[in-house]
Amino acid sequence: MASYSLLRPLLFQLDAEKAHHLAISALRFGLYPWCNSRQNFPNLHQTIAGIDFENPIGLGAGFDKNAECIPALWKAGFGFLEVGTVTPKPQAGNPKPRLFRLESDQAIINRLGFNNKGENEFKRNINNCLQASENKRIFGINIGKNKTTEDPVSDYLHLLHEVCNLSAYITINISSPNTPGLRSIQSAEMLDDFLGKISKVSNQLQVEHAKRTPLFLKIAPDVSMEELRDICTLSLSHGLDGLIITNTTLSRPANLKSRHKYEAGGLSGRPLSALSTETLRQAYRFTEGKIPLIGVGGVSSAEDAWEKIAAGASLVQIYSALIYQGLEMVPKVIQALSERVEREGFANISEVIGKSS
Ligand SMILES: Cc1cc2nc3c(=O)[nH]c(=O)nc-3n(C[C@H](O)[C@H](O)[C@H](O)COP(=O)(O)O)c2cc1C
């Protein structure tokens, strides 16, 4: 069977965004035969925020922005998928080119700017998927604001109403570096007011639907220790269910080699790994393990996933490494993680959480 390592040189001849669209089309139309890899490892099962996860390896937001290929992605073996970022109205995003492979750094820079088909098409895709679903598929919906919306909270509250009943969890994304002003919501003053409004609506929706959809907040790695402490304190006081740590970084490590290193946008992949893991480790200390953390940034192997979990993550997400290794990496990471749990004498992966913090 063809493997991604054979296909990759061809895909890498294409502009990065075109290659991504090709991959999405292949997944949508089932032309991705090697991703039929679900395996069950009981030592990786966990219940986090009330949701049962078969394994802790998830797909990071931004890969399937319009929720077009959930069934195919599920077959790759992920324990959960995060789709979106969706905004209320469709939007084109920033001018192209806006997605760059930094191959020698195993990294990506993107300044896409929440390009997506908008809430209506997103909901149609999700509903089709739910109707067709014979399996239990765990996915979260990542929500954001339209670039031109002046009062950002209005977009989030609107989307909460619209999608809260469609997914296992909702991620409030205030950490994309490519939507002007978005990250400033992370400042303590704005965040307190913002989360107050979000949790009020979330509580109302819980009563209306007789069910609580857990709310996760996704944060940037480019925050000071003080800001991170405030984010953690406010997330706890407003009753959030988890933190996703982290989005891409605006920083540029000095050792980047690729010619694209000066492109504007968020950097992800291997060079983000240490920064996002340290942010996670600090957040685990600040939250004292009281809410689950989801670690994302530079995970490209079972060792990387283990490091995030040991630093305090209950779950882990992957995006950029998929571009370099393909979806075939997912079952390999999951199997190797399960083997390491056993080898190190743990009964379950949950015993590893925070071990190195
Ligand atoms: C091309 C691209 C698009 C992304 N789009 C989104 C997005 O729409 N929403 C979001 O919350 N994160 C988005 N991300 C961030 C990822 O979900 C993830 O947080 C980040 O890339 C770090 O993980 P990684 O190093 O495994 O890629 C995007 C990342 C990439 C590379």
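No lab work stands behind these numbers, since they all come straight from the coordinates. Just so it is clear, the structure is predicted and the values come from calculations on it, not from any experiment. Note that each Cβ is placed from the backbone with ideal geometry, even for glycine, and that neighbours are counted across all protein chains shown.
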Original post:
Can you run phi through the Karplus equation (6.51, -1.76, 1.60; θ = phi - 60°) for the stretch 18-31 and list ³J(HN,Hα) in whole Hz, with x for Gly and Pro?
Top reply: 4, 4, 5, 4, 4, 5, 4, 5, 4, 5, 4, 9, x, 8
Original post:
In sequence order, what are the phi-derived ³J(HN,Hα) couplings for the stretch 282-296 according to the Karplus relation 6.51 cos²θ - 1.76 cosθ + 1.60 with θ = phi - 60°, rounded to whole Hz, with x for glycine and proline?
Top reply: 5, 4, 5, 5, 5, 8, 6, x, 7, 10, x, 10, 10, x, 8
Subject >> Label-point separation, Leu6 to Glu189 (7 Å along Cα→Cβ), nm >> reply: 6.0
Subject >> Formal net charge of residues neighbouring Tyr262 (Cβ-Cβ distance under 13 Å; K, R +1; D, E -1) >> reply: +3
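Can you pick out the pairs among Lys18/Lys147; Lys89/Lys123; Lys65/Lys197; Lys218/Lys308; Lys65/Lys147 whose Cα atoms lie more than 19 Å from each other?
Lys18/Lys147; Lys65/Lys197, as the Cα separations exceed 19 Å there.
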**OP:** Calculate the all-directions average of the projected area of the chain's alpha-carbon convex hull, and give it in nm².
**Re:** 16.6
Subject >> Shape metrics for the stretch 42-98, restricted to C-alpha atoms - Rg then Dmax, Å >> reply: 14.5, 46
**OP:** Please list the radius of gyration and Dmax for the stretch 239-357, considering alpha-carbon atoms only, with Å as the unit.
**Re:** 14.8, 46
Subject >> Placed amide H near Gly113: partners under 5 Å, 5+ positions off or other chain >> reply: Asn94
Original post:
Residues with amide H under 5 Å of Ile318's amide H, sequence separation 5 or more or different chain, H placed in the peptide plane at 1.01 Å from N; which?
Top reply: Gly58, Leu59, Gly60
Subject >> Mean shadow area of the stretch 130-265, taken as a quarter of the surface of its Cα convex hull (nm²) >> reply: 10.8
**OP:** Determine the calculated [θ] at 222 nm for the chain from helices alone, applying -39500 (n - 2.57) to every DSSP H run no shorter than 4 residues and normalising by the residue count; nearest 500 deg cm²/dmol.
**Re:** -12000 deg cm²/dmol
Subject >> Semi-axes of the equivalent ellipsoid for the stretch 208-294, Cα gyration tensor, largest first, Å >> reply: 29, 15, 10
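Net charge within 15 Å of Gly312 by Cβ-Cβ distance, Lys/Arg positive one each and Asp/Glu negative one each, not counting Gly312 itself?
+1
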Original post:
So, how do all the Cα-to-Cα distances of the stretch 51-144 break down into 5 Å bins, in percent, from 0 on up?
Top reply: 3, 13, 21, 20, 19, 14, 7, 3, 0
**OP:** Starting from the amide H of Thr171, placed 1.01 Å from N in the peptide plane, find each other amide H under 5 Å away whose residue is 5 or more places distant or on another chain.
**Re:** Ile141, Asn142, Ile143, Phe216
Original post:
Could you list log10 I(q)/I(0) for the stretch 145-198 at q = 0.21, 0.28, 0.32 Å⁻¹, which the Debye formula gives when each Cα is one point scatterer?
Top reply: -0.81, -1.26, -1.38
Original post:
Local charge sum around His161 (other residues, Cβ-Cβ under 12 Å, Lys/Arg +1, Asp/Glu -1)?
Top reply: -3
Subject >> Rg/Rh for the stretch 1-104, where both radii come from Cα atoms and Rh is the Kirkwood radius >> reply: 1.00
**OP:** Report the dimensions of the stretch 121-171 along its three principal axes from the alpha-carbon atoms, largest first, rounded to Å.
**Re:** 41, 19, 15
